[in-house]
Amino acid sequence: MMTTLKKHFVYQADYQHWANDTLFASVDALDEAARQGNQGMMFENIHKTLNHILVATRNWMVRLKGDSLDAGREEFYVADWKDLKNALRLEFREAQRWLEAQPESFFDEQIGYINTQGQPQQIWVRDALTHIMTHAAHLRGQVTTAIVRLGAPPPEMDYISYKSEMEKSLENLRSNSKS
């Protein structure tokens with residue numbers, strides 16, 4: 001069975017949601033000072049790095065939807081840890097639902113956007129979506145390094161673990177529906 005680009009990115013959005021929740025369970029083992037402390041990361045600390053996943057994902061989804069960012073890139077900071085986790089959960093679930101509603105042809109289109117230097121650019125939808133997904137995975141990897149150094153348990157959040165967990169869930173549903 002061949003997977004379409006649409007199905008691929010819908011699954012990827014679901015994986016992002018799952019991987020974030022897996023990471024959150026480990027980050028929750030840390031106190032606020034550890035989450036906010038300078039870890040020498042690109043975005044300084046764990047909280048700001050996860051906030052950047054939210055900002056980058058929202059900005060790219062705005063572009064994909066054809067909405068405009070009023071004054072260039074939207075920047076915002078979610079200061080509360082619980083609020084940040086919930087915002088990231090919602091962001092990827094909303095992205096998944098929105099992607100499910102798009103026609104197959106959308107994934108073979110190009111979109112225009114203004115880059116960080118203020119220059120107009122074109123990008124294939126599939127490349128923008130790949131960027132969203134790999135950017136989030138890359139930053140979760142940085143967070144994982146920091147949290148393990150701080151004594152939190154290492155999260156098992158690779159794609160194969162996600163697929164295995166989803167297959168077990170589906171099998172449980174099938175078994176329960178036969179009962």
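Of the residues making up the range 143-179, those that are in a helix (DSSP H, G or I), modelled with pLDDT under 90 and not charged (D, E, K, R) number 7.
Sort out which residues of the range 139-173 are within 22 Å of residue 36 (Cα to Cα) and either exposed (fewer than 13 other Cβ atoms within 10 Å of the Cβ) or over 15 Å from the mean Cα position of the chain (by Cα) (or both), and write them in order of number. If the condition is that a residue be within 22 Å of residue 36 (Cα to Cα) and either exposed (fewer than 13 other Cβ atoms within 10 Å of the Cβ) or over 15 Å from the mean Cα position of the chain (by Cα) (or both), then 141, 145, 146, 147, 148, 149, 150, 151, 152, 153, 154, 155 are the ones that fit. Just to be sure before I move on: is residue 132 modelled with pLDDT under 95 and either of a type in the set (A, V, I, L, M, F, W, C) or on the phi > 0 side of the Ramachandran plot (or both) in the structure I sent? No, not satisfied. Number of residues in the range 28-65 that are in a loop (DSSP other than H, G, I, E, B) and among the charged types (D, E, K, R): the value is 2.
Checking the structure you have, find out if any residue of the range 104-114 is surrounded by 13 or more Cβ atoms within 10 Å (Cβ to Cβ), of a type in the set (D, E, K, R) and in contact (Cβ under 8 Å) with a residue 24 or more places away in the chain. No, the conditions are met nowhere in the range 104-114.
The numbered conditions (1) surrounded by fewer than 16 Cβ atoms within 10 Å (Cβ to Cβ); (2) at negative phi; (3) not aliphatic (A, V, I, L, M) are all true for residue 58 except (1).
Looking across the range 85-96, the residues that are farther than 16 Å from residue 133 by Cβ and free of Cβ contacts under 8 Å to residues at least 40 places away in the same chain come down to 86, 87, 90.
Each residue in the range 1-27 was checked for being assigned to a loop (DSSP other than H, G, I, E, B) and in contact (Cβ under 8 Å) with a residue 12 or more places away in the chain, and 1 of them qualify.
The sole residue among 89, 93, 97, 140 that is touching a Leu at 6+ places or on another chain (Cβ under 8 Å), within 20 Å of residue 19 (Cβ to Cβ), assigned to a helix (DSSP H, G or I) and of a type in the set (D, E, K, R) is 140.
All conditions in (1) in a loop (DSSP other than H, G, I, E, B); (2) surrounded by 11 or more Cβ atoms within 10 Å (Cβ to Cβ); (3) over 17 Å from the mean Cα position of the chain (by Cα) hold for residue 117, with the sole exception of (2).
The values are calculated or read from the model by the stated rules, or taken from the named source; none is laboratory data. If you're wondering where the values come from, they're calculated on a predicted model, not measured in any experiment. Methodologically, a virtual Cβ is constructed for each residue, glycine included, from the backbone with ideal geometry; neighbour enumeration extends over all protein chains shown.
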